[in-house]
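Worksheet: one structure, shown below.
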Amino acid sequence: MKGARRIVSLAPSITEILFALKLGERVVGVTALCNYPPEARSKPKVGDANINPERVVALKPDLVVAHELLNGRVIPVLRRLGLRVLSANPNTFEKLFAFIRQIGEAAGVPERAEQLVRQMQARMKRVQQRVARTRSRPRVLFIIGVEPLWASGQGTFADDLIRRAGGVNALGSQVRGFRAISLETALAAHPEVMILAGPNRAAILNDPRWRNTPAVQRGHVYEVNPDIYLRESPRLIDALEQLASLLHSSDSSASSGVISCPLKVRLMASTSASPSKMG
């Protein structure tokens, strides 16, 4: 099956999908935020969080793959310029699987896409089988930035991630999407576990206002790699496995808030995650 030969990716998650489908040689453009796999870093850049349409056109792509949430403004511009744009907002695992299949079809490699999806589904099934044997469903607050305070509400891939890992979104139905929230809202959620996408653990633990939350009192405050947890890519399955281990592990080091190596959760030393770094 003949498929697209010159592909431009407009988001880090999309770049990861393309390389996972072994389409790296066909990728002719990426964003400055596309840092994984390492080979992607040498590709021509079409912008960062803001895409330069002229740069995209200059690369003469026969397919542009975009993220509707992150690239919503530039997508219609590129289409008016006559470019073929495939886009989605894969805010659940099922939508991510569908998007991978769509990319595979557009690139003429549907069998590779199906194989990748099935591998991801098999790993997800194993996680959910383990989770089904546990009774606890801890309240999880997923934070992507501290100053200002940004968190994940309903309708996000992080919300789906929490649920499939055997947790409950501590914000419930009062917050939708990735949103800035007040400290009062966060404290009222009474989180039992806090997941921090970036190096914000010290800021939380050193702030006396967080002191009475169950998560802080029990030491269940974890920093995780934002590149894994904030991108709807094949590595989101890694995040699912890691999060399920954190939420349901009896490992003493995990319960103290210090991540042990077997859990493969990375403590970060980079700058705080922000909405512009998602996707």
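The values are calculated or read from the model by the stated rules, or taken from the named source; none is laboratory data. Remember, it's a predicted structure, so these values are computed and weren't measured experimentally. All Cβ positions, even for glycine, are placed from backbone atoms using ideal geometry, and neighbour counts span all protein chains on display.
Listed by position, the helices (runs of 4 or more DSSP H) inside region 6-89 whose residues that are of a type in the set (D, E, K, R), under 20 Å from the mean Cα position of the chain (by Cα) and surrounded by 17 or more Cβ atoms within 10 Å (Cβ to Cβ) number at least 1 are 12-20. Can you pull out the residues in region 183-204 that are of a type outside the set (A, V, I, L, M), touching a helix residue (DSSP H, G or I) at 6+ places or on another chain (Cβ under 9 Å) and modelled with pLDDT under 95? The answer is GLY198, and nothing else.
Here the strands (runs of 3 or more DSSP E) wholly within region 175-249 that include at least 3 residues being of a type in the set (A, V, I, L, M) are 193-197. Listed by first and then second residue, the pairs linking a residue in region 27-54 that is in contact (Cβ under 8 Å) with a residue 24 or more places away in the chain and closer than 17 Å to PRO234 by Cβ to a residue that is in a loop (DSSP other than H, G, I, E, B) and basic (Lys, Arg), with Cβ atoms under 8 Å apart and 6 or more places separating them unless they lie on different chains, are CYS34/LYS43; TYR36/ARG235.
Across region 93-112, the qualifying residues are those that are within 28 Å of GLN154 (Cα to Cα) and among the hydrophobic types (A, V, I, L, M, F, W, C), and the one among them that is surrounded by the most Cβ atoms within 10 Å (Cβ to Cβ) is ILE103. Out of GLN174, GLN154, one residue alone is at pLDDT below 95, within 19 Å of the chain's Cα centre (by Cα), under 25 Å from PRO214 (Cβ atoms) and of a type in the set (S, T, N, Q). It is GLN154.
Hey, does region 171-179 have a residue that's farther than 30 Å from ARG84 by Cα and either touching a residue at least 40 places away in the same chain (Cβ under 8 Å) or basic (Lys, Arg) (or both)? So far as region 171-179 goes, yes, one or more of its residues are farther than 30 Å from ARG84 by Cα and either touching a residue at least 40 places away in the same chain (Cβ under 8 Å) or basic (Lys, Arg) (or both).
Can you confirm whether GLY145 is crowded, with 17+ Cβ neighbours inside 10 Å, in contact with a helix residue (DSSP H, G or I) (Cβ under 6 Å, 6 or more places away or on another chain), outside the structural domain of ALA88 (by TED's automatic domain parsing) and of a type in the set (Gly, Ala, Ser)?
Here the answer is no, as GLY145 does not meet what is asked.
Does region 80-91 include one or more residues that are outside the structural domain of ALA186 (by TED's automatic domain parsing), of a type in the set (Val, Ile, Thr) and in contact (Cβ under 8 Å) with a residue 24 or more places away in the chain?
Within region 80-91, none of the residues are outside the structural domain of ALA186 (by TED's automatic domain parsing), of a type in the set (Val, Ile, Thr) and in contact (Cβ under 8 Å) with a residue 24 or more places away in the chain.
Kindly indicate whether any position in region 133-154 is touching a residue at least 40 places away in the same chain (Cβ under 8 Å) and in a helix (DSSP H, G or I). Within region 133-154, not a single residue is touching a residue at least 40 places away in the same chain (Cβ under 8 Å) and in a helix (DSSP H, G or I). Taking the numbered list (1) surrounded by fewer than 17 Cβ atoms within 10 Å (Cβ to Cβ); (2) at pLDDT below 90; (3) in contact with a helix residue (DSSP H, G or I) (Cβ under 9 Å, 6 or more places away or on another chain) in turn, ARG209 passes all entries but (2). Is it the case that region 4-13 has a residue that's free of Cβ contacts under 8 Å to residues at least 60 places away in the same chain and closer than 21 Å to ILE228 by Cα? Yes, region 4-13 has at least one match.
For region 192-225, the set of residues classified as more than 24 Å from the chain's Cα centre (by Cα), closer than 21 Å to GLN242 by Cβ and charged (D, E, K, R) consists of ARG218 only.
Has region 38-58 got any residue that is assigned by TED's automatic domain parsing to the domain that holds GLY82, under 23 Å from LEU116 (Cα atoms) and touching a helix residue (DSSP H, G or I) at 6+ places or on another chain (Cβ under 7 Å)? Yes, the conditions are met somewhere in region 38-58. Among the residues of region 19-29, those that are aliphatic (A, V, I, L, M) and over 16 Å from ASP227 (Cα atoms) comprise LEU21, LEU23, VAL27, VAL28.
Let's see how each residue does on (1) within 21 Å of PRO214 (Cα to Cα); (2) crowded, with 20+ Cβ neighbours inside 10 Å; (3) in contact with a strand residue (DSSP E or B) (Cβ under 8 Å, 6 or more places away or on another chain):
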residue	(1), (2), (3)
GLN121	no, no, no
LYS125	no, no, no
GLN129	no, no, no
ARG135	yes, no, no
PRO138	yes, yes, yes
ASP159	yes, yes, yes
